[in-house]
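Chemist: The structure follows.
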Amino acid sequence: MSAVFKALSHPVRRRIVEMLRERPMASGDIAAAFDMAWPTVTGHLTALKEAGLVEAEREGASIRYRLNISAVEEAVAFLLELMDRRPLPEQKASEA
C-alpha cells in the first residue's frame, strides 16, 4: 500500500491517473500532455506501473497504459476506512 501512496505523491503521476480514468492511452499521447522530456514521463509511468496502479500492454511499436481499477479501489477503501475510524479511548481521555 505504501508504494501506491508514494507513487501518488507526485502531481504528474496523479494527473496521469486522472487521464487514464477516462480511457487507456498510448505512452506517446500521455507524454504529449506534458512539457517534459520523454524519459521523465517514462519514469513516472514506470513508478505507477511498479505500484500496481497502471498496466501496460504493447501494441505494435507503442505501449498502451490503462488504470488498474482494483489497486485504486484498494487505496480508496483504505483512505475511507482511515477517515471513518473513531478515536481510541486513550485519545478521548487525553483530549478532555
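The values are calculated or read from the model by the stated rules, or taken from the named source; none is laboratory data. Given the structure is predicted, the values throughout are model-derived calculations rather than measurements. With ideal geometry, Cβ positions are generated from the backbone for all residues, glycine too; neighbour counts draw on all protein chains shown. Accessible surface areas use protein heavy atoms only, side chains included; no ligands, DNA or RNA. Shrake-Rupley method; radii C 1.70, N 1.55, O 1.52, S 1.80 Å.
Chemist: Given a 1.4 Å probe and the protein chains all in place, what does the accessible area of residue 23 round to, in Å² to the nearest 10?
Modeler: That residue has around 120 Å² of solvent-accessible surface.
Chemist: Right, something else. When all protein chains stay in place, what accessible area (Å², nearest 10, 1.4 Å probe) is found for residue 62?
Modeler: Only protein atoms counted, so the area is about 40 Å².
Chemist: May I ask you to derive the relative contact order of the chain, considering only C-alpha pairs under 8 Å and at least 6 residues apart, and to give it as an integer percent?
Modeler: About 29 percent, as a whole number.
Chemist: Another one. If you wrap a convex hull around the C-alpha atoms of region 1-60 and split its volume per residue, what is the figure in Å³?
Modeler: Output value, Cα hull per residue: 81 Å³.
Chemist: Hey, with R₀ at 22 Å, roughly what FRET efficiency would residue 69 and residue 15 work out to, going by the Cβ-Cβ distance, to 0.05?
Modeler: My answer for the efficiency is 0.80.
Chemist: Using 1/(1 + (r/R0)^6) with R0 = 30 angstrom and r between the beta carbons of residue 27 and residue 85, what's the FRET efficiency to the nearest 0.05?
Modeler: That gives a FRET efficiency of 0.15.
Chemist: Same structure again: Treating the angle as unsigned and between 0 and 90°, give the value, to the nearest 10°, between the Cα long axis of helix 11-22 and the longest Cα principal axis of the chain.
Modeler: Once rounded, the angle reads 70 degrees.
Chemist: As a test question: what accessible area, to the nearest 10 Å², does residue 64 have when a 1.4 Å probe is rolled over all protein chains in place?
Modeler: About 70 Å², ignoring ligands and nucleic acids.
Chemist: Then there is this: For residue 54, which sequence-distant residues (separation of 5 or more, or a different chain) have an amide H within less than 5 Å of its own amide H, given hydrogens modelled in the peptide plane?
Modeler: Those qualifying (amide H under 5 Å, at least 5 residues apart or on another chain) are 49, 68.
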